[in-house]
1. How many residues are modelled with pLDDT under 90, surrounded by fewer than 15 Cβ atoms within 10 Å (Cβ to Cβ) and among the small types (Gly, Ala, Ser) if we restrict to region 209-245?
2. Criterion first (in contact (Cβ under 8 Å) with a residue 12 or more places away in the chain, touching a Pro at 6+ places or on another chain (Cβ under 6 Å) and within 30 Å of Val242 (Cβ to Cβ)) does Glu73 satisfy it?
3. What are the residues in region 255-264 that are buried (at least 17 other Cβ atoms within 10 Å of the Cβ) and assigned to a strand (DSSP E or B), if any?
4. Looking only at residues that are outside any loop (DSSP other than H, G, I, E, B), modelled with pLDDT under 85 and among the hydrophobic types (A, V, I, L, M, F, W, C) in region 1-42, which one is surrounded by the most Cβ atoms within 10 Å (Cβ to Cβ)?
5. Please identify the pairs in which a residue from region 135-148 that is buried (at least 20 other Cβ atoms within 10 Å of the Cβ) has its Cβ atom under 7 Å from the Cβ atom of a residue that is assigned to a loop (DSSP other than H, G, I, E, B) and among the small types (Gly, Ala, Ser), counting only partners at least 6 apart or on another chain.
6. Based on what the data block shows, is Tyr83 open to solvent by less than 40 Å² (accessible area, probe 1.4 Å) and part of a strand (DSSP E or B)?
7. Applying the selection to region 191-208, what residues are open to solvent by less than 40 Å² (accessible area, probe 1.4 Å), modelled with pLDDT of 75 or more and part of a strand (DSSP E or B)?
8. Give me the residue from region 43-69 that is modelled with pLDDT under 85 and not in a strand (DSSP E or B) and, out of that set, surrounded by the fewest Cβ atoms within 10 Å (Cβ to Cβ).
Amino acid sequence: IYDWIFAKGIFEFASEQITDETDQINLIVDKAFVRIGNKDAVPLFLKAGYYTSPFGNFDSMHIEDPLTLTAFEVTGEGVEVFYDGGESFLAQIFVFRGTRDPTIRQFRGEKPEKQRQEWRLGGGLSHTTEISDDLKLKTELYLTNSIYSAGDLINLVPFRDGRLGGSAKMGIEFGDYSASAQYVTAFETVTFVEDDESSTSTPAALAVELVASHEFENFTGFLAPGYSRTWGLANIVPEHQVLVTAGIELESLELSFEYGHQWDYISEDDGRRHAHFITAQMTYTW
């Protein structure tokens with residue numbers, strides 16, 4: 001729109017069956033937000049609207065999200081303010097209100113009331129230390145008052161219970177190689193309720209990723225294996241996940257292939273179920 005303003009919206013029309021003979025067309029919001037700021041002129045910028053935001057930051061080469069993102073990201077109305085201190089420092093404060101229902105308009109019938117969580121407030125700091133030309137260390141810390149205002153957790157936590165949570169990430173970069181690890185955890189236990197059954201736990205998630213890249217004559221190639229796991233999130237996300245991603249980057253084209261394997265929590269009825277998947281992704285920039 002302007003040098004200082006960027007807007008993005010993604011919407012989806014979806015048909016919902018009301019009765020055997022009646023369908024209802026809904027307009028679903030995937031994301032709709034505006035970003036205001038110009039980092040070249042002022043280090044502060046703002047992002048506001050309806051979108052999905054992770055808790056903590058995890059820059060990943062994978063196509064599928066690590067379980068730290070899947071478990072604790074929040075979708076809803078939000079406002080984030082960033083202070084960008086260049087390559088060495090980034091600060092963020094945020095306010096989010098998660099919602100279970102992304103429908104903004106129904107073309108027939110009455111719109112059901114949205115079920116919302118309490119406000120998620122928090123912030124974080126990211127600092128990069130350059131030890132030498134080839135060696136960098138990166139540390140990130142985030143805190144929030146409402147770690148359960150996230151993803152499918154919204155549907156299982158009664159009384160819109162939030163609870164304190166934190167995220168810590170450490171990363172090291174040495175030339176063409178890098179490694180990072182992120183740990184996200186609640187600081188208080190909570191009772192999940194599903195189908196009149198309840199369970200108490202203190203959810204947490206861990207993700208580790210390694211990246212090796214190399215510049216060839218006409219392209220850059222990379223290989224990124226990763227592992228993530230969760231605790232106390234049965235029937236919500238997998239317990240274990242392994243991803244192996246490989247790709248090439250050209251001047252305006254990026255092509256990636258990924259193999260993934262997920263293991264669910266052990267169930268008394270089904271044992272431990274697992275799944276394999278293969279994903280390909282092509283990105284063209286012009």
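1. 0
2. On the way: in contact (Cβ under 8 Å) with a residue 12 or more places away in the chain: yes; touching a Pro at 6+ places or on another chain (Cβ under 6 Å): yes; within 30 Å of Val242 (Cβ to Cβ): yes.
Spelling it out, Glu73 is indeed in contact (Cβ under 8 Å) with a residue 12 or more places away in the chain, touching a Pro at 6+ places or on another chain (Cβ under 6 Å) and within 30 Å of Val242 (Cβ to Cβ).
3. The first filter runs over region 255-264 and keeps only residues buried (at least 17 other Cβ atoms within 10 Å of the Cβ), leaving 256, 258, 260, 262, 264.
Result: Ser256, Glu258, Gly260, Gln262.
4. Going through region 1-42, the residues outside any loop (DSSP other than H, G, I, E, B) turn out to be 2, 5-17, 23-36.
Remaining after also requiring modelled with pLDDT under 85: 2, 10-17, 23-31.
Of the ones still in play, those that are also among the hydrophobic types (A, V, I, L, M, F, W, C) are 10-11, 13-14, 25, 27-29.
Details: Ile10: 11, Phe11: 13, Phe13: 9, Ala14: 11, Ile25: 12, Leu27: 14, Ile28: 15, Val29: 18.
Within region 1-42, the match that is surrounded by the most Cβ atoms within 10 Å (Cβ to Cβ) is Val29.
5. Glu140/Gly56; Tyr142/Gly56; Ser146/Gly162; Tyr148/Gly162
6. Working: open to solvent by less than 40 Å² (accessible area, probe 1.4 Å): no; part of a strand (DSSP E or B): yes.
Judged against the criteria, Tyr83 is not a match.
7. So in region 191-208, the residues open to solvent by less than 40 Å² (accessible area, probe 1.4 Å) come out as 192, 201, 203-205, 207.
After this cut, where a residue has to be modelled with pLDDT of 75 or more as well, the list is 201, 203-205, 207.
Result: Ser201, Ala204, Ala205, Ala207.
8. Of everything passing the filter in region 43-69, Asp59 is surrounded by the fewest Cβ atoms within 10 Å (Cβ to Cβ).
The values are calculated or read from the model by the stated rules, or taken from the named source; none is laboratory data. Just so we're clear, the structure is a prediction, and the values are computed from it rather than from any experiment. Virtual Cβ from ideal backbone geometry, glycine too; neighbours counted across all protein chains shown. We work out accessible area using only protein heavy atoms, side chains counted, and drop any ligands, DNA or RNA first. Shrake-Rupley method; radii C 1.70, N 1.55, O 1.52, S 1.80 Å.
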